[in-house]
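Read through the structure below, which is laid out as structure tokens, and then see the notes.
All of the numbers you see were taken from the coordinates with simple rules; none came from a lab. Bear in mind that the values here come from a model prediction, so they are computed numbers and not experimental data. FYI the Cβ positions are ideal-geometry reconstructions off the backbone, even for glycines, and counts take in every protein chain you see.
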Amino acid sequence: MQPAITTGETGDRLRAKGIKPSVIRIKVLQYLLENRVHPAVDTIYRALLKEIPTLSKTSIYNTLKALNSKGMIMEIMTPGGEIRYDGYPARHAHFMCLKCGAIKDVSLSCATCLTHGTEGLKVTEEAVYLKGYCKKCSEKLKISNRKS
Ligand SMILES: [Zn+2]
Ligand SMILES: [Zn+2]
């Protein structure tokens, strides 16, 4: 678990990237840093609406776009074509559950993965996806297999 991050720290991070720290920007970034579930726009919207009643989904989209353009967050495309957001742009891979849609962080320590076929290429983005069934779902699947 990451330690909680203060509003002031979040504001400083935004300022360091040249983004004006508005309330919405601070709240969205803070939500992503504190909730490592890779939420969709709807999830962020519903969570923050309680704190900012005047919030619109468009303003969240715009905020996410701004944060993403500065490399502060990552966009992840699920197998179902849904865009989810990640507040940790540092190198890591994602495991996606095909049953419940959960996205989990997987650490990626392999520094030599990209040794073949990358000669002459300028890599600007790296995404590693693992798909399968999460622990909960694979346990459920085992039970249903036994019954049938
Ligand atoms: Zn699952
Ligand atoms: Zn992640």
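Within the shell defined by Cβ-Cβ distances under 15 Å, the residues around residue 29 carry a net charge of +3, with Lys and Arg each +1 and Asp and Glu each -1. Under 5 Å from the amide H of residue 128 lie the amide H atoms of 94, each residue being 5 or more positions distant or on a separate chain, with H modelled from the backbone and absent for Pro and chain starts. Within a straight-line Cα-Cα reach of under 19 Å, residue 50 can be paired with the following lysines, leaving aside sequence neighbours fewer than 8 residues apart in one chain: 27. Here's how it looks for residue 88: its modeled amide H is under 5 Å from those of 74, which are all 5 or more places away or on a different chain. Along the stretch 64-72 the Karplus relation, 6.51 cos²θ - 1.76 cosθ + 1.60 evaluated at θ = phi - 60°, assigns HN-Hα couplings of 4, 4, 5, 5, 5, 5, 9, x, 8 Hz to successive residues, with x for each Gly and Pro.
Among the GluC sites (Glu not before Pro) found in the stretch 41-135, those both in a DSSP coil and sparsely packed, with 16 or fewer other Cβ atoms within 10 Å of their Cβ, are 51, 82, 119, 125, 126.
In the chain, the longest principal axis of the Cα atoms and the axis of helix 23-34 are about 30 degrees apart. Packing here is the average count of other Cβ atoms within 10 Å per residue, and on that basis the peptides 26-38, 6-18, highest first, run 26-38, 6-18. Counting only lysines at least 8 places from residue 131 when in the same chain, those with an alpha carbon closer than 18 Å to its own are 99, 104, 140, 142.
Under 5 Å from the amide H of residue 134 lie the amide H atoms of 98, 99, 100, each residue being 5 or more positions distant or on a separate chain, with H modelled from the backbone and absent for Pro and chain starts. With θ taken as phi - 60° and the Karplus curve 6.51 cos²θ - 1.76 cosθ + 1.60 applied, the whole-hertz 3J(HN,Hα) list for the stretch 95-100 is 9, 10, 7, 6, 9, 9 Hz, x standing for glycine and proline.
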